[in-house]
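To keep things clear, I will list the structure first and then write my remarks on it.
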């Protein structure tokens, strides 16, 4: 599992457009490179990701979609 913390801090924007950046990216170029590398690795290796900014259940996968990526949430099961 990869915990993405703030790598994809606005999933609705940054999964589809990993090269975009926002004002709080202190180093916009490095932020975009990090997002691209993270998404490439997660998609290629089909690694489960978790993150604070992902929609419930806050875990899933990413897959390549056009020039960016899209989320593939895990199926929620309320039974432990």
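The numbers here are math on the coordinates, done by the rules we state, and not lab data. Keep in mind that what you see is a predicted model, and the values were worked out from it rather than measured. Note that we place each Cβ from the backbone using ideal geometry, even for glycine, and neighbour counts take in every protein chain shown.
Miscellaneous remarks
- Conditions (1) farther than 28 Å from residue 79 by Cβ; (2) surrounded by fewer than 17 Cβ atoms within 10 Å (Cβ to Cβ); (3) in contact with a strand residue (DSSP E or B) (Cβ under 8 Å, 6 or more places away or on another chain); number of the one not met by residue 39: (2)
- When residues of segment 50-66 are limited to those that are touching a residue at least 24 places away in the same chain (Cβ under 8 Å) and surrounded by fewer than 14 Cβ atoms within 10 Å (Cβ to Cβ), the one farthest from residue 3 (Cα to Cα): 66
- Residues within segment 45-80 that are touching a strand residue (DSSP E or B) at 6+ places or on another chain (Cβ under 8 Å) and outside any loop (DSSP other than H, G, I, E, B), tallied: 12
- Test: residue in segment 63-79 that is over 11 Å from the mean Cα position of the chain (by Cα) and on the phi > 0 side of the Ramachandran plot: yes
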